[in-house]
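Data first, discussion second: the structure below is written as structure tokens.
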Amino acid sequence: MNKQTDWEIVLDGDSLLLHNMNDSLSRTDYFRLYGGINHWLDCQDDNFFFDSLYFDGEDDSYAVWQTAYELIDLLNGAITLYRKEFYKIRPKSVNLKNREVKYCTNDKLQGLLGRPNISAEEHHIQLESSLREFKPLGWLVLATERKDVYMILKLLNLENGWVTYYKILETIESCCRENEFSIDIDTKTRKKFTNTANNFSISSFDSRHGFKEIVKENKTPAMNLDEAYEFIVELCKSYINMAYNNHILGLAHEKESQSEEDGQQG
């Protein structure tokens, strides 16, 4: 069976972003980034790679390709919380023990990756360490198990626009109801956002509603796309922070339950 480090995903993307990620103190074996240095010439380069806990024990190159696509999609979505425009990261090739394997397209399979074969305590350590210096890695870790965070990051990875942003708004509000979370949403800003997103005469083919022969007068000021982005990402951060706090409580409960079981066995 192959080890995590036997697999190597060759990356393409925003080189400055990848250098910043690599230079940060944040580390997680969920997405272990390395490279960016030419040791032979003793200088920086733009060659980056990553491996993951999810590759540990994996012999199927197709599964590795699809898992790599999924992890990168989640990371790109998480980075969008902090950067509206950037050259998205993508996998160029996959190597097994330094030999390139057959290329596979992204089949866009849907579903949570779930927790790899690690304990709740180790998972907590991985989450905490990844959040310290580069929060998108922490959101990625959460999204492997939390359906709400997963949906938000997957939507954020889609093309920027009114349709995507409105889907995110509806998803967050739905998740708030399901999980009984309460986050502050400024009603005036929300109305300004929905007014623009729903108005064909303003957002054209990106509007949620089709053309109307008679457009009713709307006194709510229009919002531009940059403002919409700021509104949505702040909404996402508020929700994910709430989800993160609840996740920590869940981890504490899980650890406590495990301790009780160990005590009973002893």
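Tally time: how many residues in segment 113-137 are modelled with pLDDT of 90 or more and more than 24 Å from Lys3 (Cβ to Cβ)?
1
Which one is modelled with the lowest pLDDT, of the residues in segment 190-210 that are in contact with a Phe, Trp or Tyr (Cβ under 6 Å, 6 or more places away or on another chain) and part of a helix (DSSP H, G or I)?
By that ranking, first place goes to Ser203.
Here are Glu260, Glu213: which of them is closer than 26 Å to His123 by Cα, modelled with pLDDT under 95, over 27 Å from the mean Cα position of the chain (by Cα) and not assigned by TED's automatic domain parsing to the domain that holds Glu121?
Only one candidate passes the filter, namely Glu260.
With the structure loaded, tell me whether Phe181 is out of contact with any Ser or Thr (no Cβ under 8 Å at 6 or more places or on another chain), part of a loop (DSSP other than H, G, I, E, B), of a type outside the set (Val, Ile, Thr) and at pLDDT 55 or above or whether it fails that test.
The answer is yes for Phe181.
Here's the yes/no breakdown for (1) more than 12 Å from the chain's Cα centre (by Cα); (2) closer than 25 Å to Asp14 by Cβ; (3) of a type in the set (Phe, Trp, Tyr):
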residue	(1), (2), (3)
Ile72	no, yes, no
Lys92	yes, yes, no
Arg115	yes, no, no
Ile118	yes, no, no
Gln126	yes, yes, no
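Go through (1) surrounded by 13 or more Cβ atoms within 10 Å (Cβ to Cβ); (2) under 27 Å from Asp46 (Cα atoms) one by one and return the number of the condition Thr105 breaks.
For Thr105, the failing item is (1).
When you scan segment 119-163, how many residues do you find that are closer than 21 Å to Leu225 by Cα and assigned to a helix (DSSP H, G or I)?
7
Looking only at segment 28-43, filter to residues that are more than 16 Å from the chain's Cα centre (by Cα) and crowded, with 16+ Cβ neighbours inside 10 Å; which one of those is modelled with the lowest pLDDT?
Gly36
The values are calculated or read from the model by the stated rules, or taken from the named source; none is laboratory data. Given the structure is predicted, the values throughout are model-derived calculations rather than measurements. Ideal geometry is used to build each Cβ from the backbone, glycine not excepted, and the neighbour counts take in all protein chains shown.
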